[in-house]
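To start, the structure under review is shown below, and the notes come after it.
A short reminder: the numbers here are calculations on the coordinates, not readings from a lab. Source: prediction; values computed, not measured. Cβ placement follows ideal geometry from the backbone for every residue including glycine, while neighbour counts extend to all protein chains displayed.
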Amino acid sequence: MGVTISYRGSMADIERVEDFEDRVIDLALEIGGHARVWRSFCDDDPQRAVRGVILELYPGQETTSLLVSPEGWLINFTEIEGAEKGQLADPPWCFVKTLSDVAREMLEACEDEQDEPWRESLPDAIRDADEDALDDGCDDERHPLIERAMDLHVRLFDIATAGGQHANENFQSLMGGAGEMLGGLSQALGGRNYELLSGWGLVQLKRSLRGAAFAFGMLFPLRADGLLTPAEFKELCEAITSLQSDIDAELARLREARES
């Protein structure tokens, strides 16, 4: 049967939260897990940010919260809003339930071992419609993740232009996060056939994940201020979370290639 683990802690130096995130991402990649960088902000006070990592160590196991409140305390998912608003009096106890041995054996029996290039591991939605076109030898064709990040940037610019929001501080922060994501992807992936030092690629993909998390977090104060319609908010949430998931997959692929 599974075991419930309780834990509580705080960061002595909240300014080092990004170092903490980097180490957790490295750990997740090392053991084949999944880590998602998180940013969210209080609607009334954007200076109060919840940061950190959402960690999935194994399929079927409960997700682990390594989120950090503005005070530097580790918090549960259910306490994000309270932490943003400063409603927590003390560092809370966090809980995660491990996967039972029986469930683990069932999942392992269903796993398929595959060794495919990055194009085959991407979702169908971002694969090239004509697979034969991938063999035309064109090195200047952009990686699909870069294309999607560019499309998001253009979409944000269009929304800002239509609503006259270019001077809005929160929207500038949103554009800045999206720009960091695009910059990291461009540095890490380049053209389809471009190869680079894996260490540099890992650094830049982590940069893009952090930019995506920051952009995602800025959607909430913009929605609260009425600067994003419900449809725009949903559209942008889905676009950014999809990019986060696929950037994480690319990180795992690059880490595996580095170790092989």
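Please compute the net charge surrounding Thr229, taking Lys and Arg as +1 and Asp and Glu as -1 over other residues with Cβ under 10 Å from its Cβ. Before the final figure, lay out each step's value.
Numbers: positive: Arg223, Lys234; negative: Glu232, Glu235.
Net charge around Thr229: 0.
Using the alpha-carbon centroid of each, what span in Å lies between segment 154-177 and segment 1-32? For segment 154-177 versus segment 1-32, the Cα centre distance is 33 Å. Please label the shape of segment 219-260 as rounded, prolate or oblate, based on the square roots a ≥ b ≥ c of the eigenvalues of the alpha-carbon gyration tensor (a/c under 1.5 means rounded; beyond that, a/b larger than b/c means prolate, else oblate). Cα axes put segment 219-260 in the prolate bin.
Counted by Cβ distance under 15 Å from Gly164, the other residues give a net charge of -4, where Lys and Arg count +1 and Asp and Glu count -1.
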